[in-house]
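One structure is given below, encoded as structure tokens.
The values are calculated or read from the model by the stated rules, or taken from the named source; none is laboratory data. Source: prediction; values computed, not measured. Every residue, glycine as well, gets a Cβ built from its backbone with ideal geometry; the counts of neighbours run over all protein chains shown. Surface accessibility is based on the protein's heavy atoms, side chains included, excluding ligands, DNA and RNA. Shrake-Rupley method; radii C 1.70, N 1.55, O 1.52, S 1.80 Å.
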Amino acid sequence: QVQLVESGGGLVQPGGSLRLSCAAPGSSFSSAIMGWYRQAPGKQRELVTTITSGGNTNYADSVKGRFTISRDNARNTVFLQMNSLKPEDTAVYYCKGTWGWRNYWGQGTQVTVSS
């Protein structure tokens, strides 16, 4: 069992920035595909971005050029830098880790973009 612990959510004004973190202590983190997903009220959970063990990244069109995913294997942590935030980015953001056929999810962290 892998525990993913997210942090960094909060309230930010439109145009602002936030940085989310997801730690996976005690795991074989470097071999995992890590990703961020989000779920807005009344909507399905959607993919935001992923990063492979080799550092290859993938982004949803809605966040390209604004969000950046990165990983620090020495700290067993993946980050999501979110810039130029928009009200439509408001959602609960979830970290996901994939080891082979096993998927693990964090508890989610709320991001609210509002003036």
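Would you call ARG45 in contact with a strand residue (DSSP E or B) (Cβ under 7 Å, 6 or more places away or on another chain) and surrounded by fewer than 17 Cβ atoms within 10 Å (Cβ to Cβ)? It is true that ARG45 is in contact with a strand residue (DSSP E or B) (Cβ under 7 Å, 6 or more places away or on another chain) and surrounded by fewer than 17 Cβ atoms within 10 Å (Cβ to Cβ).
Looking across the stretch 51-80, the residues that are within 23 Å of GLN3 (Cβ to Cβ) and either among the charged types (D, E, K, R) or in contact (Cβ under 8 Å) with a residue 40 or more places away in the chain (or both) come down to ARG71, ASP72, ASN73, ARG75, ASN76, THR77, VAL78, PHE79, LEU80. Being open to solvent by less than 70 Å² (accessible area, probe 1.4 Å) and more than 16 Å from LYS96 (Cβ to Cβ): is that true of VAL5 here? The answer is no for VAL5.
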